[in-house]
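What follows is a short report on a single structure.
Just so it is clear, none of the values below were taken in a lab; they were calculated from the coordinates. It should be emphasised that the depicted structure is a prediction, and the values quoted were computed from it without experimental measurement. Glycine gets a Cβ as well: all are built from the backbone with ideal geometry, and neighbour counts include every protein chain shown.
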Amino acid sequence: MIMKRILYIVLAAVTISSFLFSCEPVEDRESLPEVTQTPETLKFSITQNTAKKNEVVLKNDDPTVIPFWRYVDGNGNELGHSNKSDDKVTFPFAGKYTVFYTAFVRGGSVEAAPVTIEVPENDDAFFSDPRWEKLTNGQAGKTWVLYMTAPLEFIGNTPSYVNRAVSGPGWWPNLTDISWAGLENKDWGEITFNLNGGYNVSVTQTNPTLGSTAKTTKTGTFNFSLTTGETNDRISFNGGTEMLHPNEPSYFSPSFSFTNVKIVELTDNSLCFIAIRADNDYLIYHLVPKS
């Protein structure tokens with residue numbers, strides 16, 4: 001009888017140990033390789049156009065890495081970035097610029113020594129498109145505020161929307177007709193663009209909390225991407241700034257960012273950009289020059 005009990009105990013111990021062994025996770029991931037690249041072995045080039053020194057060509061010569069370029073002005077202000085293997089950047093203002101190159105490989109990333117570019121003079125022809133003048137008023141600058149009489153246009157879920165003058169108006173009611181929209185009638189702040197030696201932007205944003213008049217001002221730089229036919233003009237912001245906007249953050253889709261907005265109308269007296277609501281319908285906000 002004693003031997004029988006001992007046998008049961010041994011069998012139970014074997015069963016439990018087998019169960020524990022079978023439950024151990026199996027590590028089948030491939031370990032990441034050691035990063036063998038060094039800043040000296042990276043294959044890339046940053047070439048300034050000798051005939052037009054405002055243009056700089058960025059080229060990654062290693063197809064096995066993912067390139068990331070970042071460029072700043074002489075004050076360290078972010079001007080933009082790119083992940084293209086071949087790209088061209090224009091620095092229209094005279095001054096010093098720094099280009100940073102990072103190569104992403106399977107085991108991590110390697111940063112090259114930064115390259116300094118010196119641009120001897122302004123490229124005034126770069127701003128010949130009248131949209132620059134409409135947005136910024138050149139060196140003098142231009143300040144925009146939300147047009148509180150009719151700040152919103154409701155266009156539904158229409159991602160192909162381009163321009164009111166082309167595709168027709170949506171519903172652009174007076175603020176008094178849309179009290180249910182949750183847009184408080186108050187001073188929402190202002191946004192100023194200028195080209196005084198750089199792509200300068202200053203944004204004073206009012207806190208969206210109901211009844212709040214507290215304001216925060218941030219300065220940075222912007223990029224204005226122009227397209228033929230004004231079908232997809234965009235403004236992107238650097239340095240922590242973003243487009244002036246109203247409403248609580250929860251009112252908008254979490255996938256939408258005010259650091260890169262599509263412009264759907266730009267005239268001397270109107271700046272309209274598209275936003276995406278939390279229900280994925282489209283809104284257009286209407287800004288006008290500050291009087």
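Contour minus end-to-end for VAL35 and SER202, with contour as 0.36 nm per residue of separation and end-to-end as the Cα-Cα distance? Please list the in-between numbers first.
Values: separation 167, 0.36 × 167 = 60.12 nm, distance 4.13 nm.
That pair, VAL35 and SER202, stretches by 56.0 nm at full extension.
Once the Cβ-Cβ distance between THR64 and LYS134 is put in as r, and R0 is 45 Å, what FRET efficiency do you end up with, to the nearest 0.05?
On the way: r = 45 Å, r/R0 = 0.99.
Once rounded, the FRET efficiency stands at 0.50.
Would you mind checking which residues have amide H under 5 Å from ASP233's amide H? H placed 1.01 Å from N; only 5 or more apart, or other chain.
THR227, ILE263
What full-extension length gain, to one decimal in nm, is calculated for LYS53 and SER179 as 0.36 nm per residue of separation minus the Cα-Cα distance? It would help to have the intermediate numbers written out before the result.
Numbers: separation 126, 0.36 × 126 = 45.36 nm, distance 5.36 nm.
Length difference between fully extended and current span is 40.0 nm.
Just tell me which aspartates and glutamates come within less than 20 Å, Cα to Cα, of LYS43; anything on the same chain fewer than 8 places away is out.
Result set, ordered by chain and number: GLU34, ASP61, ASP62, ASP86, ASP87, GLU111.
Using the basic label-point model (7 angstrom from Cα toward the beta carbon), what is the THR143 to THR227 distance in nanometres?
If labels sit at THR143 and THR227, their model points lie 3.2 nm apart.
Quick one: which of 82-90, 138-146 comes out on top by average Cβ neighbours within 10 Å, and what's the full order, highest first?
Details: 82-90: 14.1, 138-146: 15.8.
Taking the mean over residues of other Cβ atoms within 10 Å, the ranking is 138-146, 82-90.
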